[in-house]
1. Please go through region 50-83 and give me each residue that is in contact with a strand residue (DSSP E or B) (Cβ under 9 Å, 6 or more places away or on another chain) and in contact (Cβ under 8 Å) with a residue 40 or more places away in the chain, ordered by number.
2. Among the residues that make up region 97-111, is at least one of them in contact with a helix residue (DSSP H, G or I) (Cβ under 9 Å, 6 or more places away or on another chain), closer than 20 Å to residue 140 by Cβ and touching a residue at least 40 places away in the same chain (Cβ under 8 Å)?
3. Just one of 65, 151, 136 is within 14 Å of residue 29 (Cβ to Cβ), among the aliphatic types (A, V, I, L, M) and surrounded by 16 or more Cβ atoms within 10 Å (Cβ to Cβ); which is it?
4. Mind listing just one residue for me: the one in region 127-154 that is of a type in the set (A, V, I, L, M, F, W, C) and part of a helix (DSSP H, G or I) and, of those, farthest from residue 13 (Cα to Cα)?
5. Do you know which of the residues in region 111-126 that are exposed (fewer than 13 other Cβ atoms within 10 Å of the Cβ) and part of a loop (DSSP other than H, G, I, E, B) is modelled with the lowest pLDDT?
6. Could you grab the pairs with beta carbons closer than 6 Å, sequence gap of 6+ or different chains, first residue in region 24-35 and surrounded by 17 or more Cβ atoms within 10 Å (Cβ to Cβ), second one part of a strand (DSSP E or B) and of a type in the set (D, E, K, R)?
7. Residues of region 31-84 being of a type in the set (Gly, Ala, Ser), within 22 Å of residue 21 (Cα to Cα) and modelled with pLDDT of 90 or more, which ones?
8. Output the residue which, of all residues in region 90-145 that are among the β-branched types (Val, Ile, Thr) and out of contact with any Phe, Trp or Tyr (no Cβ under 8 Å at 6 or more places or on another chain), is nearest to residue 180 (Cα to Cα).
Amino acid sequence: MRFVILGGSGSGKSTQAQMLCWQYKIPLISTGEVLRSAITNGLELGNQALPYMRRGELVPDELMIEFIRIRLQEADVAQGWVLEGYPRTAFQAEELDFLLEELGQSLNWAIYLQVPEVVMVGRSLGRSLPDDQPEIVHRRVELFYDRTVPILEYYDRRRRLLTINGDQSPDLVQEDLIGLLFPEKNIR
């Protein structure tokens, strides 16, 4: 199974992505972790991405596409994956589809965790990540609405979009998600 998790900062993407990884025994590809690792290890792509991350801006499409291309060719993702934090623009979503076709893979679902702006900001500021400073969080939320929302239309047109109410407890989000992925197991 191959999933993309979509949602604004603090929407619960990481929590639900980890649940899907456990459920399907597939690896999590977190672009945040991929970027931080590339920076920590002094990789050239990481050095190119760092200035954008410091300003709370999206890393340019060309760089992100290259990060994802490299990661999707590693052996551990052959049986499936959960991609969290990518795509963040409609262009990246299209490029991901082209890349998957080139690699002989296909996306099963894009899962959107829908959360109001005030909840995104509050949850993000409650974390202890170094890049969760108020001005950066507000900038990320702005970028989410400006650039990421068109992705929902992209996946909806392709009938690959599942929308989940992310403004509830993680357990209830998980129940809703499992109910949509496996309607026969719907217990609510």
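1. Those that are in contact with a strand residue (DSSP E or B) (Cβ under 9 Å, 6 or more places away or on another chain) and in contact (Cβ under 8 Å) with a residue 40 or more places away in the chain: 71, 72, 77, 80, 81, 82, 83.
2. Checked region 97-111: at least one residue is in contact with a helix residue (DSSP H, G or I) (Cβ under 9 Å, 6 or more places away or on another chain), closer than 20 Å to residue 140 by Cβ and touching a residue at least 40 places away in the same chain (Cβ under 8 Å).
3. Details: 151 fails: within 14 Å of residue 29 (Cβ to Cβ); 136 fails: within 14 Å of residue 29 (Cβ to Cβ).
That would be 65, the only listed residue that is within 14 Å of residue 29 (Cβ to Cβ), among the aliphatic types (A, V, I, L, M) and surrounded by 16 or more Cβ atoms within 10 Å (Cβ to Cβ).
4. Just the residues of region 127-154 that are of a type in the set (A, V, I, L, M, F, W, C), to begin with: 129, 136-137, 141, 143-144, 149, 151-152.
Remaining after also requiring part of a helix (DSSP H, G or I): 136-137, 141, 143-144, 149, 151-152.
On the way: 136: 18, 137: 15, 141: 14, 143: 17, 144: 14, 149: 15, 151: 16, 152: 15 Å.
Residue satisfying both the conditions and the ranking: 136.
5. 126
6. 30/84
7. 75, 78, 80 - these are the residues of region 31-84 that are of a type in the set (Gly, Ala, Ser), within 22 Å of residue 21 (Cα to Cα) and modelled with pLDDT of 90 or more.
8. Here is the first cut: in region 90-145, the ones among the β-branched types (Val, Ile, Thr) are 111, 115, 118-119, 121, 136-137, 141.
Then drop every residue that is not out of contact with any Phe, Trp or Tyr (no Cβ under 8 Å at 6 or more places or on another chain), which leaves 115, 118-119, 121, 136-137, 141.
Numbers: 115: 18, 118: 26, 119: 23, 121: 27, 136: 33, 137: 30, 141: 27 Å.
Across region 90-145, the extreme among qualifying residues is 115.
The values are calculated or read from the model by the stated rules, or taken from the named source; none is laboratory data. Because the structure is a prediction, the values reported are computed rather than measured. Note that each Cβ is placed from the backbone with ideal geometry, even for glycine, and that neighbours are counted across all protein chains shown.
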